[in-house]
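Asker: Starting off with a structure, shown below.
A short reminder: the numbers here are calculations on the coordinates, not readings from a lab. These numbers come from a predicted model, not from an experiment. Please note: Cβ atoms are built from the backbone with ideal geometry, for glycine as well, and neighbour counts cover all protein chains shown.
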Amino acid sequence: MNIHEYQSKAILKSYGVAVPNGKPAFTVDEAVKNAEEINSKVIVVKAQIHAGGRGKAGGVKLAKSIDEVKQYATELLGKVLVTHQTGSEGKKVNRLLIEEGSNIKKEYYLSFVIDRQTARIVMMGSEEGGMEIEKVAAEMPDKIVKEYIDPVIGIAPFQASRMAYAMNFPAAAIRKVTKLMDCLYKAFIGKDCSLAEINPLVVTADDDVIALDAKLNFDDSALFKHPDIEALRDETEEDPKELRAAKSGLNYVNLGGDVACMVNGAGLAMATVDILKHYGGEPANFLDVGGDSSPEKIAEAFQIMLDGGQSKGIFVNIFGGINRCDAVANGIIEAAKIISEDGKSIPVPVVVRLEGTNVELGRQILKDSPIKNVIMAETMEGGAKEIVRLVKEAELKA
């Protein structure tokens, strides 16, 4: 789960991380009022969307008067901001952060993430702040410094000091930045984050160390422990299909292609996405229906995949362990009843590969059903090839 910058800064501030004085605004009048209360020579007007690259896309403005705050707030609210992370469709700006300006001397990068290979939290830092860390890694890998943290001990003082010196912080700021690192780590652990990132982390002309930007991502599986974090969710920033799927107990991620796939088990789902790509297809989604799929759940999965006309074909790839193949087959039939007027058709070709529990019964149910456009596949490879062929064939006809 992601939250907005101003929400991330409020959380970090509660853990002792220094952040600029700022307030969210949902209207132009509120933006002006906040700017008057902050009373700074320079006011920063920041678009709040769940995507990076806002500055380059014109989503961050420096205002030197209240009139300019009003002007920029009017320009940004309601605007569709297109960044390198939003894709061509962009994201609509529904809220702003009105913040005091900072006298920046130097920008840095700092984050905590989970390293799955070492099963530890890693603190990453760079003196090349303000850039995307991927770009720094590609162009200047020697500028990235890492400290691996023992989960039993936590971040040790010597690690914070070593990181601060390796990032070339000025001597006057060393104590402040090591304290900030400790506070950021406590926030990462305390809120069950999957990412805590400050980019840029700045040293001001007075050698203060401030989180000029902040990004927190949270482990969805731990949200039940943090109702305060769950309450910060902005559903307008999330994919409506992913939201609908989550409410139905389905694991869905939109991948943007046109070949939908419905699978049980995350490993098989990833393998299915890979094999569709291998045969020249563009996967529309990652969809794991889990191990307890009822016909109703399968029908809901079909409706989600077909919503909006993105999917031009569906590959159902089920290995029935806990799941029963007959339940999956009945779910497909149920989906056809809901989706089509005659209850006997699905608007795109569907290739089904079933293996495992009650596989013969599941295959027979589909063979005996009156549903059109459903093709049985004996193997995963054969099913992937067939659905890619059918989708490309349909594209040529169109």
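Asker: Quick one: dipole size for the chain, taken about the Cα centre, charges +1 on Lys/Arg Cβ and -1 on Asp/Glu Cβ, in debye to the nearest 20. Don't jump to the answer; show the numbers that get you there.
Answerer: Values: 48 positive and 58 negative charges, 90 e Å.
That gives a dipole near 440 debye.
Asker: For the chain, give the share of DSSP beta bridges that are antiparallel, in percent and rounded to the nearest 5; count only bridges with both residues there. Walk me through the numbers on the way to the answer.
Answerer: On the way: 48 of 65 bridges.
Antiparallel bridges: around 75 percent, rounded to the nearest 5.
Asker: Tell me the relative contact order for the chain as a rounded percent, counting alpha carbon contacts under 8 Å between residues six or more apart. Write down the numbers at each step before the final one.
Answerer: Working: 803 pairs, mean separation 47.4, N = 398.
Dividing the mean separation by the residue count of the chain yields 12 percent.
Asker: Running Debye on region 114-236 with equal point scatterers at the Cα sites and no solvent, what base-10 log of I(q)/I(0) appears at q = 0.14, 0.15, 0.17 Å⁻¹?
Answerer: -0.66, -0.76, -0.96
Asker: While we're on this one: For Asp208 and Glu132 in one chain, what is 0.36 nm times their gap in residues minus the Cα-Cα distance, to one decimal in nm?
Answerer: On the way: separation 76, 0.36 × 76 = 27.36 nm, distance 2.32 nm.
Fully extending the segment from Asp208 to Glu132 adds 25.0 nm.
Asker: Something else about it: With the crude spin-label approximation of a point 7 Å out along Cα→Cβ, what separation in nm comes out for Ala119 versus Asp228?
Answerer: Here the modelled spin labels are 3.1 nm apart.
Asker: Can you compute the FRET efficiency between Lys337 and Gln310 using 1/(1 + (r/R0)^6), with r the Cβ-Cβ distance and R0 = 22 Å? Round to the nearest 0.05. Kindly include the intermediate steps, with their values, before the conclusion.
Answerer: Details: r = 22 Å, r/R0 = 1.00.
The value I calculate is 0.50.
Asker: Under 5 Å between amide H atoms, partner at least 5 residues away or on a different chain: which partners does Asp258 have, H built in plane at 1.01 Å?
Answerer: Under 5 Å from the amide H of Asp258: Glu282, Ala284.
Asker: In whole Hz, with x marking every Gly and Pro, tabulate ³J(HN,Hα) for region 168-185 from phi via Karplus 6.51 cos²θ - 1.76 cosθ + 1.60, θ = phi - 60°.
Answerer: Whole-Hz 3J(HN,Hα) from phi for region 168-185: 6, 5, x, 4, 5, 9, 4, 4, 5, 6, 5, 5, 4, 4, 5, 5, 5, 5.
Asker: For the residue pair His278 and Asn373, what label-to-label distance in nm results when each label sits 7 Å from Cα along the Cα-to-beta-carbon direction?
Answerer: 2.7 nm
Asker: For a quick check: sort Cys325, Cys261 by the number of other beta carbons within 10 angstrom, fewest at the front.
Answerer: Values: Cys325 24, Cys261 30.
Neighbour counts put them in this order, fewest first: Cys325, Cys261.
Asker: Distance from a point 7 Å along Cα→Cβ of Asn94 to each backbone N in region 17-59: keep the residues under 16 Å and list them by number.
Answerer: 24-28, 47-51
Asker: Would you mind calculating the relative contact order of region 239-397 from Cα pairs under 8 angstrom and at least 6 residues apart, reporting the percent as a whole number? Provide the component values of the computation, followed by the final result.
Answerer: Working: 343 pairs, mean separation 36.2, N = 159.
Rounded, it is 23 percent for region 239-397.
Asker: Then there is this: Find the all-direction average of the projected area of the Cα convex hull for region 21-101, expressing the result in square nanometres with one decimal place.
Answerer: On the way: hull surface 17.9 nm².
Spelled out: convex hull of the Cα atoms, projected over all directions, averaged, 4.5 nm².
Asker: Now, a different point. Given R₀ = 45 Å, FRET efficiency for Glu355-Ala166 by Cβ-Cβ distance, to 0.05? Don't skip to the end; give the middle numbers.
Answerer: Working: r = 52 Å, r/R0 = 1.16.
Calculated transfer efficiency: 0.30.
Asker: Assuming R0 = 30 Å, can you tell me the calculated FRET efficiency for the pair Glu37 and Thr236, based on Cβ-Cβ distance, to the nearest 0.05? Working shown, then result.
Answerer: On the way: r = 26 Å, r/R0 = 0.88.
The calculated FRET efficiency here is 0.70.
Asker: Can you give the calculated 222 nm mean residue ellipticity of the chain, where each DSSP H run of n ≥ 4 adds -39,500 (n - 2.57) and the sum is split over every residue, rounded to the nearest 500 deg cm²/dmol?
Answerer: On the way: 13 runs with 146 residues, N = 398.
Estimated from H runs of four or more residues: -11000 deg cm²/dmol.
Asker: If you don't mind, another one. Taking neighbour counts of Cβ atoms within 10 Å as a proxy for exposure, in what order, fewest first, do Ser294, Ser111 appear? Don't jump to the answer; show the numbers that get you there.
Answerer: Details: Ser294 16, Ser111 19.
Fewest to most other Cβ atoms nearby, the residues stand as Ser294, Ser111.
Asker: Let me ask something else. At what distance in nm do the modelled label points of Leu62 and Lys344 sit from each other, each positioned 7 Å from its Cα along Cα→Cβ?
Answerer: 7.0 nm
Asker: Using modelled amide H (1.01 Å from N, peptide plane; none on Pro or chain starts), what sits under 5 Å from the amide H of Gly320, excluding residues fewer than 5 places away?
Answerer: Glu355, Gly356, Thr357
Asker: Find the Cα radius of gyration of region 239-397, compare it with 2.2 N^0.38 Å by division, and give the number to two decimals. Don't skip to the end; give the middle numbers.
Answerer: Details: Rg = 13.8 Å, N = 159, 2.2 N^0.38 = 15.1 Å.
That works out to 0.91 for region 239-397.
Asker: Using only alpha carbon pairs under 8 Å that are at least six residues apart, calculate the relative contact order of region 21-101 and give it in whole percent.
Answerer: On the way: 168 pairs, mean separation 36.8, N = 81.
With pairs under 8 Å counted, the relative contact order is 45 percent.
Asker: Which one, Ile198, Ile333, Ile153, has the greatest fluctuation when you compute a Gaussian network model over the chain with C-alpha springs under 10 angstrom?
Answerer: Ile153
Asker: Taking the Cα centroid of region 338-398 and of region 208-237, what is the distance between the two, rounded to the nearest whole Å?
Answerer: 40 Å
Asker: With a ≥ b ≥ c the root eigenvalues of the C-alpha gyration tensor of the chain, is it rounded (a/c under 1.5), prolate (a/b larger than b/c) or oblate?
Answerer: Working: a/c = 2.62, a/b = 1.90, b/c = 1.38.
Taking the square roots of the gyration eigenvalues as a ≥ b ≥ c, the chain is prolate.
Asker: While we're here: Which of the residue pairs Lys56/Lys105; Lys91/Lys176; Lys105/Lys225; Lys33/Lys56 have a Cα-Cα distance greater than 28 Å in the structure shown? If you can, show how the numbers build up before the last one.
Answerer: Numbers: Lys56/Lys105 20 Å; Lys91/Lys176 36 Å; Lys105/Lys225 39 Å; Lys33/Lys56 26 Å.
Where the Cα-Cα span goes over 28 Å, the pairs concerned are Lys91/Lys176; Lys105/Lys225.
Asker: Got a sec to turn the phi values of region 157-163 into Karplus ³J(HN,Hα) couplings, 6.51 cos²θ - 1.76 cosθ + 1.60 with θ = phi - 60°, whole Hz, x for Gly and Pro?
Answerer: With coefficients 6.51, -1.76 and 1.60, one gets x, 5, 5, 5, 5, 4, 5 Hz.
Asker: If you don't mind, there's one more thing I want to ask. Kindly put Ser102, Ser311, Ser221 in sequence by how many other C-beta atoms sit within 10 Å of each C-beta, fewest to most. All intermediate terms of the calculation are to be shown ahead of the outcome.
Answerer: Working: Ser102 19, Ser311 23, Ser221 9.
Lowest to highest Cβ neighbour count: Ser221, Ser102, Ser311.
Asker: Rounded to two decimals, what ratio of Rg to Rh does region 71-119 give with C-alpha atoms and a Kirkwood Rh? Can you show the working numbers first?
Answerer: Values: Rg = 16.9 Å, Rh = 14.7 Å.
Over the Cα atoms of region 71-119, Rg/Rh equals 1.14.
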